[in-house]
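Structure record follows, encoded as structure tokens.
Quick note: the coordinates plus some simple rules give every number you see, no bench work behind them. Values in this document were obtained by computation on a predicted structure and should not be read as measured data. We place every Cβ from the backbone using ideal geometry, glycine too, and count neighbours over all the protein chains shown.
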Amino acid sequence: METDASDSEHVVPFQLQFDKPIASQVKIAEWNPEKDLLAMVTEDSKIMLHRFNWQRLWTISPGKSITSLCWRPDGKAIAVGLEDGTISLHDVEATEFQNNTGNSLVFEDRTPRFFPPAPRVPRTPGVVTSDASFMDDNEDSYRQLSNSSYQRFNILCSGDKDGSICFSIFGIFPIGKVNVHKFSVPVSNSDKTQHLLNASIYKVALSKDLCQLIVLFSGDLIESTAAASEADKVAGCGMHGLVLDTSVFGKRKNELHQLAQQASNIEDLTEVIRASLSVMSKQWTDAVQSFSQKFVSLDTLITDHALDSSPQEEFLSLLGGARTSPAVHQFLVNTLGEAGVKRVSKLVCGAGKELQRVVHDHLQPAAEIIAFRMGELRGLSRWRSRFQVIGLDETLVAHATEKSGMMLVQVERFMRVLTSVEQQFSNFFNWLLKCIKLLMQEPSDQLLPYNSELVVIFLKFLYNQDPVRELLDPSEVDHPVQADLETMQRVCDLVQFGGFSDTEYLRRTLAKEFQQMESSFKEAFLMPFTTISRKIHVVDLLPLFPLPSLPLSRSNVIPMSISYYEDDSEANENNFNDYICFRVPAESLSDDGNYIGIVRGFMHDQRNLKRGYSTLEAVLLSMPAGYNCADLSLYKDTQVVLLLNGMTNAPETPGDACMMIIQANELPFAPVSRSIDLSLWKMHHLQDSSACLQTENEKIRSIPYSVVAPLAVSATRGVACVFAARRRALVYILEEDEDEVLETEA
Amino acid sequence: MQLRSNFMDGCSFPLNGFEVILNRIKKLAPELHRVHFLHYLTCLYHDDYFGALENLRRFFDYSVGIGGFDITPVPSRSKGFERYETGLLCLGMLQFHFGHPKQALEVLTEAVRVSQQQSNDSCLAYTLATICTLSSEMGSSSTSGMLGTSYSPTATIGTSLYFKQQLFVLLREALKRAESLKLKRLVASNRLAMAKFDLMNVQRPLLSFGPKASMKLRTCPVTVCKQELRSCLHLVSEYGSESPTMTIEGAFSTAWLNNLRRPMGASVLSLDNGVGESSNAFQFCAQPSSIPRSVLQLVGSSYLVRATAWEIYGSASLARVNSLVFATCYLDASSSSDAALVHAKLIQHLATFQGYKDAFSALKVAEQKFLSISRPVILLLKLQLLHERALHRGNLKLALQLCNELGVLASPFNGVDNQLKIEASMRHARTLLAAKQYRQASEVAQSLFCLCYQFNMQVENASVLLLLAEIHKKSGNAVLGLPYALASLSFCQSFNLDLLEASAKVTLAELWLSLGTNHAKRALTLLHGAFPMVLGHGGLELRARARLIEAQCYLCEPNYSVVEDSEIVLDALKQASDEFEVLEYHEMAAEAFYLMAMVYNKLGQLEEREEASDSFKKHILALENPQEEEEEDEDEPVSEMLVEKN
């Protein structure tokens, strides 16, 4: 790479790194913002991660069609938008990056200091995990994601084709959702307002300080008046831009960070509890079912012998030594036998032990950490001046804390029931073994001793009932648990010692308690969600260009790019300038010209408004003759990288294309008025003053292929990846002084 | 031991009647030496320690060489001599109870020797565990020499640090031995002891050489949580493998018969077999548990340790929840001292988070609940609460009296009851501080620091340092206070005492603020850094103090203008004054109301101003006449309480 850079003589501006064939056409490609890694999505919906030298790191296929892909700003995870509206997060190889530890938190998360690593979801026994490919330890990488990478605050923002924009912190904790259809923008100098219909979001970009969000979407702009008499009229359908004020994210960054850190962990742990409960329920039900299957033949034997009794009574009389009925004798000696008892015993007691293990290793630690984290959240919620703004409600959090405490008590009670049930079962089986030996007149002194009282209890309460299953059963049927009077009394007494004021929790099953806990968490976390959503509002609307056909299909994608640049002229705080760059579809303009549009200053900045600078400006740029814009991307320092395709391609030739960089801020921008009333599509006015792009004056490099859409440009790394129509990938180095970049990195 | 504990929390029985029976048995069957042991237990139960000691001695005298002691945990019972070491073990424990650690250690050392001789491994393991508890509960000065005689060749070195290391080695040794012998219960209790040790003591690598060995001193909460406390819980599932017949036949029948008297408990003996059973599978849950009591006791006490751990580490909610878990699930199986302790913890929690009113009414209930044996815990709690309240109300005479009472509770022997002694002099220093006798207060605190240093009690040291900072702050010498506060802060950080750290930060903020208004911003940043901890886990007093200082910081800051943003100050002051009022902390409440009145005055809201100044006046008057308030206390005047106790 370095030798390449040294002998470049500025004759050809961009160094070709390599030119490789690819297996299938790529539809989305994004460079990692921190490292030389390129994530690509192919037409057949596979995600590939390649190094700069084109070495492939991994490939996964989510099984659904992928519509978008985006790197997290720290470059450690990618978010993938799927066709069904879900977003999945993927951690790139966890060992890949270790060198990013600069940003220390203002407030520390105390949990890792006091607790060992949080428990994971228990594996269902019997299910053998298949090969350990990337997807299989998805769970592990997710864990990695949720623990190590909370160092930096970030917000994943996504828009969908129904006009909803979702915000989630770290990409996992949903914090807000707005719909562009709900917004209405007043038209200046009239009582009319404008709102939107059929909006489909095309691109969203959050500014670096998280204070503004630019949304590009296609949709119908509807003008309506306050008077109900006049009918709404469609003002125009096409591509629009919208600025949303998301300053709550910027201003309340620390608070949101802390909230999300605790809350998302709590949600993870709730999943652990849910999974533990279902695993336990399944295992225990299986074991007990095989137990009752073995013993059901006793019932038939009893009826066959024309006895009017139940198995329990028969066993009791056997225990009492009164008589051994022929039915029981036959059942024990012939049907079940010693081996049978041992087998069932192993099954049931093994399940009991396994359940205890799950409680110890998963359920209890998870419940404990939840209670701890909830306690931390309660502390935050009491800091009203800071946290009420983001909707952390003191009473709701206090309620959730109580519930998490009750959960801990319930887990303990469940554990006691489980242990004694297991003990009762093994005691019963010991007794049965002894009985069989006696009945068969074999020596029985080698056997384990049993407790006859426990056998009585077993027959009475456990033989054909299953309290463990009922405690774990999440069904809606409400069986109040019968607590003994002493415990009940004790819990009532505890109220005045500061115990839980809701003493009824003793009557709830473990599963029920969990449901209540979960719903109390949901309630507590919904409050910030709605509060934040309410604080996001629209600032400005800008119609960009009309579109004749709606909605956009995947095939005629309009290339567009949004970027924020730091304003160098401003010496003080971080002051951002926004650039929106897009290709204007040929049919949108009157003269069928071949243009790209660049808009800047769309964002409202109070300081800029005061200085009268950076009002909305735009320019139309006419493409050189014979070329068609295939894709474009904003690059660093307000540069635009254009990918142009030659229009006169004979089908048999490989085609010709070129890539060029233009300096956007040197273009003749013309001010555009923000008011919407005059005429809708301001681009039409600019057509007269459009600038012509001259291929001679700019940095340009021709590409010997016909190129297709995704142009992946990395501003931080200075590289671009171009895809040719004939399944080739070409990587160019945009930066001339590559050595310097390498040095600063080392 | 197990029998003893069973006796202690079983139902009460009259001493005299039982003694008559015992004496009769002694007469009828003189060869039955167990009677002496039983007698010893009875005496113990009725707090007759001298009678107990005598009977225990008698038991040894008779049983040496004969073997009448059948509740040893050893499975093999063939040898005759092995009862002797068990007896020694019991004697050692009793000696310690009297506050004779020297004799106790002597006896236990002998027990170790004998059990080594007899190769009675389990007894050795138990003895080791006992020595561990013993030496962890008392200071080093009197024991280090003793320990050396059997465990270490360097018997004479007696520095406390060395002693702690020895204890650590001992604990590990005991744990290892118990594990190899597969004594599950002992393993669990050793783990608990280990947790207690790790909780309060700095982890010091036993072998640290070279430049890479970390010299950082810190506690390690993760090990406490994971290795010690969580693994202790495994006992509940493992006990079955240790001894299958730990339950005594007949115990359930007794419970059933008892249940017959109750309306719904008679389900076992009822005849309606199979009628209501399908409707409710949970009747089982209402049955007495078949898990052995000793197991439950151990598991339960692990929750108590957790609660204590969270009190130290600073998580109010988890401290409370763990106490509640114990009180809900393990109270029936626990020893009465544990039960009293958990109630004391809950009442303490009430007092710090909800004020004295609730705490005292709960205390009353607790006093009725726990009578003879566990009285000390409750009594101690009562004195603590009364002292705290007297301090807040400004009744310093009473406060001084109360902390003297507290000091008397501790054993007069050097090195025993160190915790209690430290607490008593801590409270003494605070009372002196409240009385504005700064010199005396700092003298007491200094000597306290020396004591803590001598016994290597770093955790206590942190709070003593903070107290010293507080004294300097109150005496108006903030510059001198700063190093103390910073030292306390660094202690807290390395020992994970988060709550204490937060309060050290609050004190530090106060110190900065008192250095001048140009430090207000720094103080505010410090304070806000501590806020999540203070508000989440701090008691009423700490919270209110922090808010008051926050308001003061805002008011001092040059850029802040009351007229523009009065809400932020008023909100803080309102919350502070509310919380101080709940605590009846007149001095601080008056200060909060004073500031509030000033702010309202500036804003021109005269009505609110008058209201605040009225409250201010009320609290100042109450502060000046503390006696009146005590007399108002409806049911039980303090003086009466003290008389009753004496």
Report summary line: Computed over the stretch A:247-333, the relative contact order (Cα-Cα under 8 Å, seq sep at least six) in percent reads 19
Report task. Assign unit charges at the C-beta atoms only (+1 for Lys and Arg, -1 for Asp and Glu), then state the dipole size of the stretch B:412-486 relative to its Cα centre in Debye, rounded to the nearest 20. Result -> 300
Query - Nearby lysines by direct alpha-carbon distance to B:Lys474 (threshold 26 angstrom, same-chain neighbours under 8 apart not counted) - result: B:Lys397, B:Lys421, B:Lys436, B:Lys505, B:Lys521, B:Lys574, B:Lys617, B:Lys618
Requested in this report: Could you please report the charge total around B:Arg177, scoring K, R as +1 and D, E as -1 over all other residues with beta-carbon less than 14 angstrom from its beta-carbon?
Outcome: +3
Requested in this report: Give the cross-link partners of A:Lys403 among the lysines, using a straight C-alpha distance below 19 Å as the criterion and excluding same-chain residues fewer than 8 apart.
Outcome: A:Lys512, A:Lys522
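Need the full-extension length gain, B:Ile568 to B:Glu608, defined as separation in residues times 0.36 nm minus the C-alpha distance. One decimal, nm. It would help to have the intermediate numbers written out before the result.
Working: separation 40, 0.36 × 40 = 14.40 nm, distance 1.63 nm.
Full extension of this stretch gives 12.8 nm more.
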Report task. Determine the distance separating the Cα centre of the stretch A:394-427 from the Cα centre of the stretch B:419-454; give it in Å without decimals. Result -> 43
Report summary line: Rounded to 0.05, the calculated FRET efficiency for the beta carbons of B:Lys364 and A:Gln25 at R₀ = 60 Å is 0.15
Report task. Let me know the shape class of the stretch B:498-632, please: from the alpha-carbon gyration tensor, a ≥ b ≥ c as square roots of the eigenvalues, rounded when a/c is under 1.5, otherwise prolate if a/b is greater than b/c, or oblate. Result -> oblate
Query raised in the report: At a Förster radius of 22 Å, what calculated FRET efficiency corresponds to the Cβ-Cβ distance of A:Asn334 and A:Glu313, to the nearest 0.05?
Result: 0.60
Query raised in the report: Measuring from the lowest to the highest alpha carbon on each principal axis, how far does the stretch B:334-456 reach, largest first, in angstroms?
Result: 42, 33, 22
Requested in this report: Over the stretch B:327-411, calculate the relative contact order: mean separation of alpha carbon pairs under 8 Å at least 6 apart, over the residue count, as a percent.
Outcome: 25
Requested in this report: Note down the net charge around A:Phe500, summing +1 for each Lys or Arg and -1 for each Asp or Glu among other residues with Cβ under 14 Å from its Cβ.
Outcome: 0
Report summary line: Once both label points are put 7 Å beyond Cα along the C-beta direction, the A:Glu566-A:Lys177 separation in nm becomes 3.7
Query raised in the report: Where the centroid of each part is defined by its Cα atoms, how far is the stretch B:540-601 from the stretch A:288-366 in Å?
Result: 70
Query raised in the report: R0 = 30 Å: FRET efficiency of A:Lys346 with A:Arg323, Cβ-based, nearest 0.05?
Result: 0.50
Query - Spin-label model distance (nm) - A:Thr303 vs B:Ser561, 7 Å beyond Cα toward Cβ - result: 9.2
Query - Point-to-point label distance, A:Ser200-A:Glu83, nm (Cα→Cβ direction, 7 Å offset) - result: 1.4
Query raised in the report: Nearest 20 debye, what's the magnitude of the dipole of the stretch A:320-396 about its Cα centre given +1 on Lys and Arg Cβ and -1 on Asp and Glu Cβ?
Result: 100
Report summary line: Listed with the fewest Cβ neighbours within 10 Å leading, A:Phe18, A:Phe217, B:Phe168 appear as A:Phe18, B:Phe168, A:Phe217
Query raised in the report: To the nearest Å, what is the center-to-center distance of the stretch B:20-47 and the stretch A:466-537, using C-alpha atoms only?
Result: 51
Query raised in the report: Which pairs in the list A:Lys35/A:Lys203; A:Lys161/A:Lys251; A:Lys346/B:Lys345; A:Lys46/A:Lys177; B:Lys102/B:Lys473 are over 31 Å apart, alpha-carbon to alpha-carbon?
Result: A:Lys346/B:Lys345; B:Lys102/B:Lys473
Query raised in the report: Is the stretch B:314-353 rounded, prolate or oblate when judged by the Cα gyration tensor, a ≥ b ≥ c being the square roots of its eigenvalues, rounded requiring a/c under 1.5 and prolate requiring a/b larger than b/c?
Result: oblate
Query raised in the report: Tell me, in nm to one decimal, what length is gained between A:Gln694 and A:Asn53 on full extension, where the rule is 0.36 nm per residue of separation less the Cα-Cα distance?
Result: 227.4 nm
